[in-house]
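A.B. asks: First the structure, which I've put down as structure tokens, then a few questions once you've had a look.
The values are calculated or read from the model by the stated rules, or taken from the named source; none is laboratory data. Keep in mind the model is a prediction, meaning the values are calculated, not measured. Cβ atoms come from the backbone with ideal geometry, glycine included; neighbour counts cover every protein chain shown. Ligands, DNA and RNA are stripped out before the accessible areas are found, and what is left, the full protein with its side chains, is counted by its heavy atoms. Shrake-Rupley method; radii C 1.70, N 1.55, O 1.52, S 1.80 Å.
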Amino acid sequence: MAVTYRTHMSIIGDILTTTRDESPDETGASVTYLIRKANVSYGRLSKILETLVSQGLLEQSSSDRACKYRISDRGREFLQAYRGFREFADSFGLRI
Amino acid sequence: MEVVFESALNLLGFVVGLVLGIFTHIGFRNTGSPTLFRLNIAFFSIGIGFGVVGFGDLMELWVFKYTTVDTWIQTLGIGIQTVGYFFIAFSHGIKSFFPKSRYFKSIAAPLFILPGNSIEHIIRSISFILLVYGTIETIMSYMESRKRSALFVATGLGLLALGEFLGWYSIVFPKSILYFVSVSTKIVGLGALFVPISQVPMRGGMRIGGNV
């Protein structure tokens, strides 16, 4: 069976999808939760989360225990656009 | 009259290519995806290539009043289109297309050397090979995903390849209807690439920074 590698963009898509659809509570998803669900290493996830927060796609909320991440309205728009263009690229047999 | 009709078809290809290019440009601006960037270059090149041939023919006919159309405009336009076909094939990972073994090189090399008497021959043969490669890759993708839109894209690329082949063959029979059929086939092929766009939900104001 051929191994398919995820692109950087698809990892971002997975992280945003997790924060939108699978957050354990309203405050958002923790880093540990995202590592497990999005299947990304801590080092890589930290960099991506930093970028997503700076771009306004994720909202970061800090509690006394740990940082939690929740998808923003901008993030939802991005995710919708990403899915549309992913379908388009899929039609060409390509991955974005 | 025949030249005007062929120009109109080429200009239609110009519009279709530009629309596809604009769509993929929006996709690139939204997602920052390198794949969409390559498709963006591909479709703009294809559209501009059609435009060069179409506008070039009209310019010659109406502005310069030539009775015969110079071949260099045709060659330039087809060359620009080939750049576009290259980027579509490149998106599939063109490195895997060129085998490394000496045996395969010895078979593949003459394909590029034989039509060396004309630049247009070479360009068209490269376009044909790139498009056939793109078609095969897309069919393979369809076999995995079973998405109908992939089938339309494969058909579109296949028709573009057939159009290039007929265009090349029209050099052998210059006075025949082959060139007209070639351009028509390419336009239909380009039109088939529109199908995936119709499935993307476009909303107004969908602009998100591409530095993700």
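A.B. asks: Based on what the data block shows, is B:Gly21 at pLDDT 90 or above, touching a Lys or Arg at 6+ places or on another chain (Cβ under 8 Å) and assigned to a helix (DSSP H, G or I)?
C.D. replies: For B:Gly21, the condition - at pLDDT 90 or above, touching a Lys or Arg at 6+ places or on another chain (Cβ under 8 Å) and assigned to a helix (DSSP H, G or I) - is not met.
A.B. asks: Continuing with the same structure: From the residues in segment B:170-197 that are over 17 Å from the mean Cα position of the chain (by Cα) and open to solvent by 30 Å² or more (accessible area, probe 1.4 Å), which one is farthest from the other protein chains (Cβ to nearest Cβ)?
C.D. replies: Ranking the candidates gives B:Lys175 first.
A.B. asks: Here are the criteria: (1) open to solvent by less than 70 Å² (accessible area, probe 1.4 Å); (2) farther than 27 Å from A:Ser10 by Cβ. Tell me which single one B:Leu76 does not satisfy.
C.D. replies: B:Leu76 satisfies every listed condition except (1).
A.B. asks: If I go through segment A:34-56 residue by residue, how many of them are basic (Lys, Arg) and either touching a residue at least 40 places away in the same chain (Cβ under 8 Å) or touching a Ser or Thr at 6+ places or on another chain (Cβ under 8 Å) (or both)?
C.D. replies: 1
A.B. asks: For A:Tyr69, only one of the following conditions fails: (1) within 14 Å of chain B (Cβ to nearest Cβ); (2) open to solvent by less than 40 Å² (accessible area, probe 1.4 Å); (3) more than 30 Å from B:Leu20 (Cβ to Cβ); (4) of a type outside the set (Asp, Glu). What is its number?
C.D. replies: Exception for A:Tyr69: condition (1).
A.B. asks: Here's a follow-up. Of all residues being open to solvent by 60 Å² or more (accessible area, probe 1.4 Å) and not charged (D, E, K, R) in segment B:119-147, which is farthest from the other protein chains (Cβ to nearest Cβ)? Just the residue, please.
C.D. replies: Looking at the filtered set, the residue picked out is B:Ile119.
Okay, residues lined up against (1) within 14 Å of chain B (Cβ to nearest Cβ); (2) among the charged types (D, E, K, R); (3) within 29 Å of B:Ile88 (Cα to Cα); (4) in contact (Cβ under 8 Å) with a residue 60 or more places away in the chain:
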residue: A:Glu26; (1), (2), (3), (4): no, yes, no, no
residue: A:Thr32; (1), (2), (3), (4): no, no, no, no
residue: A:Leu58; (1), (2), (3), (4): yes, no, no, no
residue: A:Arg74; (1), (2), (3), (4): yes, yes, no, no
residue: A:Leu79; (1), (2), (3), (4): yes, no, yes, yes
residue: A:Arg83; (1), (2), (3), (4): yes, yes, yes, yes
residue: A:Arg86; (1), (2), (3), (4): yes, yes, yes, yes
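A.B. asks: Ok, one more. Within segment A:20-38, identify whether any single residue is among the hydrophobic types (A, V, I, L, M, F, W, C) and open to solvent by 40 Å² or more (accessible area, probe 1.4 Å), and answer yes or no.
C.D. replies: Yes.
A.B. asks: Over 17 Å from B:Asn30 (Cβ atoms), touching a Lys or Arg at 6+ places or on another chain (Cβ under 6 Å) and modelled with pLDDT under 90, is that true of A:Gly28?
C.D. replies: For A:Gly28, the condition - over 17 Å from B:Asn30 (Cβ atoms), touching a Lys or Arg at 6+ places or on another chain (Cβ under 6 Å) and modelled with pLDDT under 90 - is met.
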